[in-house]
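Since every read-out is calculated from the coordinates, none of them should be taken as a lab result. Values in this document were obtained by computation on a predicted structure and should not be read as measured data. Using ideal geometry, Cβ is built from the backbone for each residue, glycine included, and neighbour counts are taken over all protein chains shown.
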Amino acid sequence: MLTSFTLAFVFFGTALSQTIIHPCDKRMFDSEVRFCRSAFNKSMETSGYWQGCAWPAVKRVYYDLKLCVDGKAAASLCLSRGSLVDDLFREVHQEYFASCRRIQDPPPLIVAALIAPLLVATLLMPFVCTKLVTREF
């Protein structure tokens, strides 16, 4: 009897402790992330981002920003609340990476050139198999 009460207490105690949601300290997040953003802004100013898409050249700086922001979000208990982190990176993308092209589909001629050999091979396969099976030795 004591064992069942102990198990019930442990089960419900564990379930209740996992449902506690700690509040996100937005003020702390904003003040801490200001340091990350400042360092990123300084690095981006020297990259010449205004002349075109700076993405390949600034991967490392962007990764450093991500690590810094993730660390500050975890410290301020805002890691699971994606909107603050997402909003920050949305601002960064709008400011620094707006000139980067979006991925576009290739022209129809290229798509046709890639698909045509597969289509021809698929259509010829029954004829080749029939010829090999009915061939006399």
Note to self: Under 19 Å between alpha carbons, and skipping anything fewer than 8 positions from LYS131 in its own chain: which aspartates and glutamates qualify?
What the structure shows: none
Notebook entry, point to check: Quick one: Karplus J couplings for the range 64-76, per residue in order, coefficients 6.51, -1.76, 1.60, θ = phi - 60°, nearest Hz, x for Gly and Pro?
Noted result: 4, 4, 4, 4, 5, 5, 4, x, 5, 5, 5, 5, 9
Next item on the list: Just tell me which lysines come within less than 16 Å, Cα to Cα, of LYS72; anything on the same chain fewer than 8 places away is out.
Entry: LYS26
Checklist line | Translational diffusion coefficient (Stokes-Einstein; Kirkwood radius from C-alpha pairs) of the range 27-113 at 10 °C, 1.306 mPa s, in µm²/s | finding: 109
Item checked: Inter-label distance for GLU95 and SER43, nm, one decimal - labels placed 7 Å from Cα along Cα-to-Cβ -> 1.4
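How much length is gained on full extension from ILE110 to MET125, taking 0.36 nm per residue of separation minus their Cα-Cα distance?
Details: separation 15, 0.36 × 15 = 5.40 nm, distance 2.39 nm.
Answer, rounded to one decimal: 3.0 nm.
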